[in-house]
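Right, one structure below, let's go through it.
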């Protein structure tokens, strides 16, 4: 069977087949928006590919939490996804639940921003506005240092990804916030502005 390039609609339908949680969908949409944004910022030619990889990165998380980043490879192979999509999705679990190291730029961005979108969401929801639209990087940087805040977000993973990208942490935080603003309503972070 030959691989085919999935459309965004097909990827979303596949994601929803394996995930019923609204919070996981919001996270997938935040990561998708961030991947799309970074593809454009970095001048990548295949923005749609980056978008889809971001959207489906946690495809197996709800149904197969103990096989996260492993089961997804089988699912995507069965769906005839291209090998580079499968590798990119699996690589975001490097050193956590799989041994596929991020080497391509797309993989490194996904690795860096997956947990970061969670931290930014937590910071935004703490604000009086409950919005990402008026969130500034300095607020995220302040909460980064507070290990008790959003304790489930592993800052070392984010930093490892940022180091792989050879970018400044401040820039990655700023660009991720800008990306999430593009889908603020869809991810529940428009708030009361």
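Quick rundown of the values:
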item	result
Exclusive hit being surrounded by 19 or more Cβ atoms within 10 Å (Cβ to Cβ), under 23 Å from residue 188 (Cβ atoms) and more than 11 Å from the chain's Cα centre (by Cα), set 29, 55, 59	59
Residue within region 71-83 that is under 17 Å from residue 172 (Cβ atoms), surrounded by 15 or more Cβ atoms within 10 Å (Cβ to Cβ), out of contact with any strand residue (DSSP E or B) (no Cβ under 9 Å at 6 or more places or on another chain) and at pLDDT 95 or above present	no
Criterion: within 18 Å of residue 85 (Cβ to Cβ), assigned to a helix (DSSP H, G or I) and modelled with pLDDT of 95 or more - qualifying residue of 24, 12	12
Residue in region 162-169 that is free of Cβ contacts under 8 Å to residues at least 40 places away in the same chain, assigned to a loop (DSSP other than H, G, I, E, B), touching a strand residue (DSSP E or B) at 6+ places or on another chain (Cβ under 9 Å) and over 24 Å from residue 23 (Cβ atoms) present	no
Top-ranked residue in region 85-107 [being in a helix (DSSP H, G or I) and without any contact (Cβ under 8 Å) to a residue 24 or more places away in the chain; ranked as surrounded by the fewest Cβ atoms within 10 Å (Cβ to Cβ)]	87
Residues of region 70-84 that turn out to be outside any helix (DSSP H, G or I) and out of contact with any helix residue (DSSP H, G or I) (no Cβ under 8 Å at 6 or more places or on another chain), as a count	3
Residue tally, condition more than 17 Å from residue 29 (Cα to Cα) and free of Cβ contacts under 8 Å to residues at least 60 places away in the same chain, over region 108-127	3
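The values are calculated or read from the model by the stated rules, or taken from the named source; none is laboratory data. The structure displayed is predicted, hence computed values, not measured ones. Methodologically, a virtual Cβ is constructed for each residue, glycine included, from the backbone with ideal geometry; neighbour enumeration extends over all protein chains shown.
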